[in-house]
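The values are calculated or read from the model by the stated rules, or taken from the named source; none is laboratory data. This structure is a prediction, so every number in the text was calculated from the model and none was measured. Virtual Cβ from ideal backbone geometry, glycine too; neighbours counted across all protein chains shown.
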Amino acid sequence: MKRILSLILSLALAFSLMPSAFAASNEAVQAAEALHSLGLFNGTGTDANGNPIYDLDRAPTRQEAITMLVRLLGKEDAAKQGTWKTPFTDVDSWAAPYVGYAYSNSLTSGTSATTFSGNNTVTTSQYLSFVLRALGYTSGTDFQWDKAWELSDKIGLTKGNYNATTKSFTRGDVAIISKQALSVKMKDGQKSLSDVIGAATPPSTPSDTTSSALTDRLWLTVTQMDAKNSCAEIYEFKGSQYSCTYEFFNENNQTIALGYEEGSYQLSGTTLSITQTKNYSYILAAQKLSRNNPLSYSYPFKISNGKLYLHDWVYVDMQYKDSTVEVQNRIKSYVLAQAGEASGSGSVSVAQQQQVLGKIGTVTDKMKSGLLYLAKANEYHIYAIGSSSSTDASTNKFYESRYLGESKKNYSDCRALILEIKAIAAGINDSSRQQIMDKCDQIVAYFDSLCSFTTADSSAVAEVSETTKLVVKLMYEICDLMGIK
């Protein structure tokens with residue numbers, strides 16, 4: 001493992017420095033999960049474990065974009081229940097209700113008198129136009145459909161990451177934009193889109209409020225708390241006991257807080273009453289654990305079609321899927337370790353070694369990507385300085401900012417992975433546990449610094465190069481402490 005790390009990291013800056021395609025970001029995955037939990041974003045199928053396949057790296061089609069638009073308008077039921085007539089002969093059967101509704105309500109048109117071209121891909125501006133219409137804006141009046149990013153940037157739907165030069169637009173972009181749209185105010189400025197469509201409103205029927213429908217399941221939600229922060233929360237109900245883990249993310253997809261609570265619960269009609277016996281929260285930046293006073297509270301609840309409607313949040317039945325169990329255990333172990341209540345047993349296991357080894361391998365790959373993008377950003381920084389006109393300078397500064405953003409995104413992902421390694425270490429009950437966790441904290445601090453650059457000048461490149469060496473040294477030491485050879 002060490003030889004692989006050394007080889008990759010020593011060669012990273014010697015590559016051709018040409019940008020390449022990377023897998024969907026954590027932000028896209030979390031956005032897709034959040035929308036899926038609200039019934040707004042479906043996968044293209046399921047994997048062997050029953051998890052939805054989102055195809056986030058694939059370009060979206062016109063049919064998929066129209067379907068998303070109808071759901072964002074809160075009109076999916078109306079679309080499915082209606083009888084629509086369109087002149088189009090090339091619309092897939094699953095998409096017909098959505099295209100029919102959109103066509104009948106003047107939300108879209110065809111590519112000819114009889115074709116919709118539903119399997120053609122959608123451009124960035126076309127999808128932004130769809131979403132802006134869902135927010136109450138009118139193309140041709142409020143914005144130009146072929147420059148939709150100008151308005152979307154202004155209202156906070158996007159953050160300057162799309163423009164006329166954007167060539168790649170994926171289902172991951174659709175998920176990110178659509179999730180952000182839920183927290184954006186409508187044109188009239190009174191309510192957000194999620195308020196208007198009632199994304200968390202439980203159906204009147206069918207519903208189930210029995211214990212068997214609630215217990216022996218993991219219930220997951222990813223919810224936008226405000227314009228900048230989101231929360232992922234997992235409930236588990238077993239017998240008369242419950243537990244809850246949660247994780248807060250900021251707008252840069254960085255974990256800012258974790259929490260764990262447990263206790264007992266009771267059901268009475270459509271009311272779920274919870275009594276906490278333990279309630280911990282941990283703020284990462286301050287490295288501060290809070291032992292909160294246990295509370296008792298009651299929520300109205302309903303269960304319908306694999307969703308738990310609890311208070312004003314919607315949870316999806318994850319049925320103990322591996323990925324959800326891993327997140328649940330990671331957060332629980334981490335928080336309990338901070339509270340001095342390690343949940344692990346024994347010294348480092350082979351399974352723990354394999355988990356850490358896999359995550360270090362991913363960190364290595366992402367560090368390599370971060371270095372490549374930073375080098376590309378530095379190249380455009382130099383171009384901008386030597387530009388002979390303000391137009392050329394502006395263009396080069398744009399690309400510098402773009403590649404610098406990609407570099408920081410990779411380092412942000414690395415930071416999250418190191419926190420996952422720290423959570424694994426929290427489950428180790430020997431003298432190496434605290435040493436590993438302390439080294440993880442040092443690495444996290446280094447990645448925070450790598451995400452702080454505002455320009456890709458030579459000093460930034462030099463600092464990243466030096467910091468990379470320090471991170472690699474610490475990862476070596478973690479491998480030693482965990483017996484990874």
Looking for something closer than 30 Å to GLY160 by Cβ, of a type in the set (Phe, Trp, Tyr) and surrounded by fewer than 18 Cβ atoms within 10 Å (Cβ to Cβ) - is there at least one such residue anywhere in the stretch 134-146? yes
Exactly one of (1) in a loop (DSSP other than H, G, I, E, B); (2) over 27 Å from TYR399 (Cα atoms); (3) within 29 Å of the chain's Cα centre (by Cα); (4) modelled with pLDDT of 90 or more is unmet by ASP92. Its number? (3)
What is the one condition in (1) touching a Gly at 6+ places or on another chain (Cβ under 6 Å); (2) part of a helix (DSSP H, G or I) that SER412 does not satisfy? (1)
Pairs where the first residue, in the stretch 339-361, is in a helix (DSSP H, G or I) and small (Gly, Ala, Ser) and the second is modelled with pLDDT under 70 and exposed (fewer than 14 other Cβ atoms within 10 Å of the Cβ), C-beta under 9 Å, 6+ apart: GLY361/ILE4
Hey, among the residues in the stretch 161-185 that are surrounded by fewer than 23 Cβ atoms within 10 Å (Cβ to Cβ) and polar (S, T, N, Q), which one's modelled with the lowest pLDDT? SER183
Which one of SER452, SER465 is of a type outside the set (A, V, I, L, M, F, W, C) and assigned to a helix (DSSP H, G or I)? SER465
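So that you can scan it fast, the table gives a plain yes or no per residue for (1) within 29 Å of LEU40 (Cα to Cα); (2) assigned to a strand (DSSP E or B):
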| residue | (1), (2) |
| --- | --- |
| LEU258 | yes, yes |
| TYR280 | no, yes |
| ALA286 | no, no |
| TYR299 | yes, yes |
State yes or no: is GLY39 in contact (Cβ under 8 Å) with a residue 60 or more places away in the chain, under 22 Å from ALA134 (Cα atoms) and part of a loop (DSSP other than H, G, I, E, B)? yes
Only listed residue being hydroxyl-bearing (Ser, Thr, Tyr) and farther than 30 Å from ASN163 by Cβ, chosen from SER93, SER106, SER112: SER93
Would you mind telling me which numbered condition in (1) farther than 17 Å from ARG171 by Cα; (2) without any contact (Cβ under 8 Å) to a residue 60 or more places away in the chain ASN120 fails? (1)
